[in-house]
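J.: Quick one: this structure, given as structure tokens, is what I'll be asking you about.
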Amino acid sequence: MALTESNMLPLGTTAPNFHIMDTVSDNYYSLDDLKSKKATVVMFICNHCPFVIHLNAELVALANEFKDEGVSFIAISSNDVENYPDDSPEKMKLVAKVLKFPFPYLYDKHQEVAKAYDAACTPDFYVFDGDMKLTYRGRFDESRPGNSVPVTGNDLRRAIQSTLKGEAIEEQHFSVGCGIKWKK
């Protein structure tokens, strides 16, 4: 597992639109279909990355926590499934059902969405305000597999809370995880 840091897309960037398949419903969605008028979290995850697996349970809890406040969560996997078959749409659907994802799990087959967001690793998180302007990009929290720090989601939680209040987010932390598996 190669450790990769996220790229820091400039704050204030407008969320790039997309139109890709949700592996759970088999429907195609655009950002306009899924975004919130309050805050939207776009996250690049995948099935096989140990950094994602490490925080999945808390990620589901965090999404459920903010669902009632009108925050949208959108998960996207952009990995090359030919060389990483554990990240195939069929297996994405299974993972989403087993873990009870309260958000769509979209498949970025052509990797265009990851490139538009300048995503580099899994997990990689982006928080946008109601105008779809980037307020936070980076990590879930400081926990990593094997570092004995509890998984809390505190960095992402604070970013969402600040975004909902219209406050600037002073602390922006790189995410760290597995590099996105780009097609050759």
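The values are calculated or read from the model by the stated rules, or taken from the named source; none is laboratory data. On a predicted model such as this, the values are computed, not experimentally measured, just so you know. Here the Cβ is made from the backbone with ideal geometry for all residues, glycine too, and neighbour counts use every protein chain on show.
J.: Output yes when any residue across region 1-10 is at pLDDT 95 or above and either surrounded by 13 or more Cβ atoms within 10 Å (Cβ to Cβ) or touching a Pro at 6+ places or on another chain (Cβ under 6 Å) (or both), and no when none is.
T.: no
J.: List the pairs whose first member sits in region 20-40 and is of a type in the set (Asp, Glu), whose second member is assigned to a loop (DSSP other than H, G, I, E, B), and whose Cβ atoms are under 8 Å apart, counting only residues at least 6 apart or on separate chains?
T.: These pairs meet every condition: ASP22/PRO104; ASP32/ASN17.
J.: If you don't mind, there's one more thing I want to ask. Take the residues in region 108-155 that are within 21 Å of PHE66 (Cβ to Cβ) and among the acidic types (Asp, Glu), then tell me which one is surrounded by the fewest Cβ atoms within 10 Å (Cβ to Cβ).
T.: Looking at the filtered set, the residue picked out is ASP131.
J.: Scan the strands (runs of 3 or more DSSP E) fully inside region 111-184 and keep the ones with 3 or more residues being at pLDDT 95 or above. Outline the logic, then answer.
T.: Numbers: elements: 124-129, 134-138, 176-179.
Filter on region 111-184 gives 124-129, 134-138.
J.: So, one more: Here's a check for you: in region 86-98, which residue that is part of a helix (DSSP H, G or I) and free of Cβ contacts under 8 Å to residues at least 12 places away in the same chain is farthest from VAL151 (Cα to Cα)?
T.: Quick first cut of region 86-98, residues part of a helix (DSSP H, G or I) only: 86-87, 89-98.
If we keep only those that are free of Cβ contacts under 8 Å to residues at least 12 places away in the same chain too, we end up with 94, 98.
Details: LEU94: 23, VAL98: 20 Å.
Applying the filter and picking the extreme gives LEU94.
J.: Which residue is surrounded by the most Cβ atoms within 10 Å (Cβ to Cβ), if the candidates are limited to region 24-59 and must be under 20 Å from LYS93 (Cβ atoms) and charged (D, E, K, R)?
T.: My answer is ASP33.
J.: Hey, can you tell me all the residues within region 60-104 that are surrounded by fewer than 22 Cβ atoms within 10 Å (Cβ to Cβ), touching a strand residue (DSSP E or B) at 6+ places or on another chain (Cβ under 9 Å) and of a type in the set (Val, Ile, Thr)?
T.: Scanning region 60-104 gives VAL71, VAL81.
J.: What single numbered condition from (1) of a type in the set (A, V, I, L, M, F, W, C); (2) in contact with a Phe, Trp or Tyr (Cβ under 9 Å, 6 or more places away or on another chain); (3) touching a residue at least 40 places away in the same chain (Cβ under 8 Å) fails to hold for PHE174?
T.: (2)
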